[in-house]
Structures are given as structure tokens and as C-alpha cells.
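Novice: First the structure, which I've put down as C-alpha cells, then a few questions once you've had a look.
The values are calculated or read from the model by the stated rules, or taken from the named source; none is laboratory data. It should be emphasised that the depicted structure is a prediction, and the values quoted were computed from it without experimental measurement. So basically every Cβ, Gly included, is an ideal-geometry build from the backbone, and we count neighbours across all protein chains shown.
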There are 2 protein chains.
Amino acid sequence: MTLISINALAESWLDSLLDSGYRLTAPRRAIVSIVAASPRALDAVEIYDLGRDEHPRLGLVTVYRTLEKLEQLGLVQRVHQPDGCNMYLRSPEGHEHLLLCKSCGQMEYFRGDDLTKLIEDTSRRSGYQIQEHWLQLFGLCAGCQPQNSPKEDG
Amino acid sequence: MTLISINALAESWLDSLLDSGYRLTAPRRAIVSIVAASPRALDAVEIYDLGRDEHPRLGLVTVYRTLEKLEQLGLVQRVHQPDGCNMYLRSPEGHEHLLLCKSCGQMEYFRGDDLTKLIEDTSRRSGYQIQEHWLQLFGLCAGCQPQNSPKEDG
DNA sequence: ATGAAAGTGAAAACCATTTTCATTTATAAG
DNA sequence: CTTATAAATGAAAATGGTTTTCACTTTCAT
């Protein structure tokens, strides 16, 4: 994703906020520019710290409130961590799932087309009407894998 | 699962605790009997409340500490909720995934055999070495679905 | 410019979970 | 059956991410 398209993404988020009746403020612009540009999930405090470079008076509360709005608009996805905390990541196009590197925090989306069948099968067998699902894979990205180790059985 | 086998399950958990060098105490017996017998995921406070019927002096802290041990022994599985809190559920036999009813809290395990292929494919395509995964489906169990509503597009 | 409503941020509140620490208890040894 | 001791307990306090409160500021329509 180039700088130009990242800026376009941030602009489109600001447009969405406006379209939904929200106002454009300096704190929101700072938060939007950071989250739209980040290829990895960030937690609220990271966004807060980065945001204060751009807008020193920024408050952590505003970070949470803005993320909540961006999530409601479907622009940002909340990522649940094993420790119960949340990180925030721009939404993918269409429905994809998350792949997170436990070492560097890098994330990628991947398409889970196969999952549709799994969910349908499970719904049929169990009788459940399935409304929502979480699939997150955790591991080591290519760059974080030990380069020298003999191949392992994983 | 019959009463007899539930009691056997609780006994086997107590044996596991002993085998790992832990002591058997009244609070632990109460917690084990509740969690081993429950077909649905319970949160810490639910276990605390149920546990005090059996052992009135039980403390919430002990519930957390015992659940931590049971989880480490692989006997209990922690279920992450969308709100960030945790519930606790006896572990399935082998690797299965969770299906939770958003209405009544009933849960079922289902086998995600198909997921193995998805994970392998994703690992190959992304270069990630995948170590862990979460798959949880949320919906309405058969009993909680609106019986009278006209069929919907879900 | 002006006013009303939305937005902000510091501080306080919240709440699930964890830590602290003095007391109690299970277990092994005698 | 005692006794010693290390583990376990529970009340209270601490923690830490997140949310609420509220007085003040800012946006935007007029």
C-alpha cells in the first residue's frame, strides 16, 4: 500500500465520519492518520503515544472513543489478544481472518473461504444458528523464524 | 455425560492435582466438582457463587488460582469473550473448537478437522509458522432460536 | 460572529483479575 | 496422634485496561 493510497484511506475514513454526522477534529485526524497507515495492530496506548507527536494535547480517552466510532463504521477491527486486551487494526476488504506474529506484532489478513463450508457444516450438525465467528492464527512471521535452526516437526 | 462419569471426571482432576504436587483442599474440591460437572462455560463469579453453596468460606481469589492450575494441567479451557472477560469450561477430548450460544451460554465443542488444511494452506502462502489458533463460533443454539419467526436470510 | 451541540481531556470510577500478607490447612515425619 | 512446615487460603489492597463524569473547548450551521 503506497503513501498515496494510505492518505486516500485516511481521507475516506474522515469522509465516513462526516457522513455519519461526526465532526472532524484535530485529535480524530491524528488518530485516523495513524491507524489507517499502520500495517500492524496497535493498542490504545501506542496510538495515544504516536498521536501526541501530531497533537500533543491528545487524551487517551479520545483514542478509545474514536476507535469505538471507527469500529462501528467497520473501518477498524478490534483484535482480541490472549491476555484479554485489545489491539486495533484497519479492516480488510471483505471478510478475512487474522494472522498475527507473536514476536514482532506484524499481522496479515488471510481469506478463510474454506471456513464458510466448515461453518455451514457445523451449523447443520449442531443446530446452531451461527451469527459470528472469530478465527485468529498466532505464530511467527517469516522474518521472525529462527533462520539457523534445523527443521522442526511443526 | 452421566453423573457417574462426571464424578469420575472430577476425581481424575483431583488425581491430576495431586500428581502435580498440589494439595487437595475443600475449596479446590468445590471448584473442581462445579467446573467438571458444568456443560457450559462459567465465569469466575459464577463458579464462586456456586462454590459457596458447597464451601461458604470460599474466596474469589481461590477460584482464579485453582482455575489457573486446572488450565495449566489442560483440564480446563479458558474461553475469551467478546467483552474481554474469560469463562472457563472443561477441556474437550482432543482438539476441538467452541460453539457458544449467545442467548443461554450453552456451549458445544465441534471438530474442526477441515481447519487443519486451512491452517496448512495459510502457513504455506504466508510464510508464517503457525503455533496457535483460536476458532470460536457464536450464535443461537437450537433451543434459543425464535420458533415462530418467518425464515430469515441468515 | 454567534449559539447550540458535539467533542475533549483530566480525574475519577469501574471491574475483572492479580498481588500482598497474615492466618489456616494439608501432608509428611516423628 | 502430635508437630513442623510449606502450601493454600481469603480479605483487602493493588493493578491496569477501559469507561464515565463533567467542566471546558471546538466545530459547524446559521
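Novice: Does residue A:93 fit the bill of being within 16 Å of DNA strand C (Cβ to nearest atom), among the acidic types (Asp, Glu) and closer than 18 Å to residue A:9 by Cα?
Specialist: no
Novice: Just checking, how many residues over segment B:19-41 are among the hydroxyl-bearing types (Ser, Thr, Tyr) and either within 14 Å of DNA strand C (Cβ to nearest atom) or within 14 Å of chain A (Cβ to nearest Cβ) (or both)?
Specialist: Applying the first criterion (among the hydroxyl-bearing types (Ser, Thr, Tyr)) to segment B:19-41 yields B:20, B:22, B:25, B:33, B:38.
If we keep only those that are either within 14 Å of DNA strand C (Cβ to nearest atom) or within 14 Å of chain A (Cβ to nearest Cβ) (or both) too, we end up with B:20, B:22, B:25.
Looking only at that region, the number is 3.
Novice: Looking only at segment B:79-92, how many residues end up being modelled with pLDDT of 85 or more and more than 9 Å from every other protein chain (Cβ to nearest Cβ)? Can you show your working first?
Specialist: Our first condition is that a residue be modelled with pLDDT of 85 or more; within segment B:79-92, this holds for B:79, B:85-91.
Still in the list and also more than 9 Å from every other protein chain (Cβ to nearest Cβ): B:79, B:87-91.
Qualifying residue count, segment B:79-92: 6.
Novice: Within segment B:102-143, track down each residue that is modelled with pLDDT of 80 or more, more than 7 Å from every other protein chain (Cβ to nearest Cβ) and buried (at least 16 other Cβ atoms within 10 Å of the Cβ).
Specialist: B:109, B:123, listed by residue number.
Novice: Among the residues of segment A:39-49, count how many are surrounded by fewer than 14 Cβ atoms within 10 Å (Cβ to Cβ) and modelled with pLDDT of 95 or more.
Specialist: Kept after step one, since they are surrounded by fewer than 14 Cβ atoms within 10 Å (Cβ to Cβ), are these residues of segment A:39-49: A:39, A:45.
Then keep just the ones that are modelled with pLDDT of 95 or more; that gives A:45.
Selection size over segment A:39-49: 1.
Novice: Would you point out the residue of segment A:45-72, among those that are within 12 Å of DNA strand C (Cβ to nearest atom) and among the hydrophobic types (A, V, I, L, M, F, W, C), that is farthest from the other protein chains (Cβ to nearest Cβ)?
Specialist: Per the criteria, the residue is A:58.
Novice: Quick check on my filter: what residues within segment A:13-38 are surrounded by 12 or more Cβ atoms within 10 Å (Cβ to Cβ) and touching a residue at least 40 places away in the same chain (Cβ under 8 Å)?
Specialist: If the condition is that a residue be surrounded by 12 or more Cβ atoms within 10 Å (Cβ to Cβ) and touching a residue at least 40 places away in the same chain (Cβ under 8 Å), then A:13, A:16, A:17, A:22, A:35, A:36, A:38 are the ones that fit.
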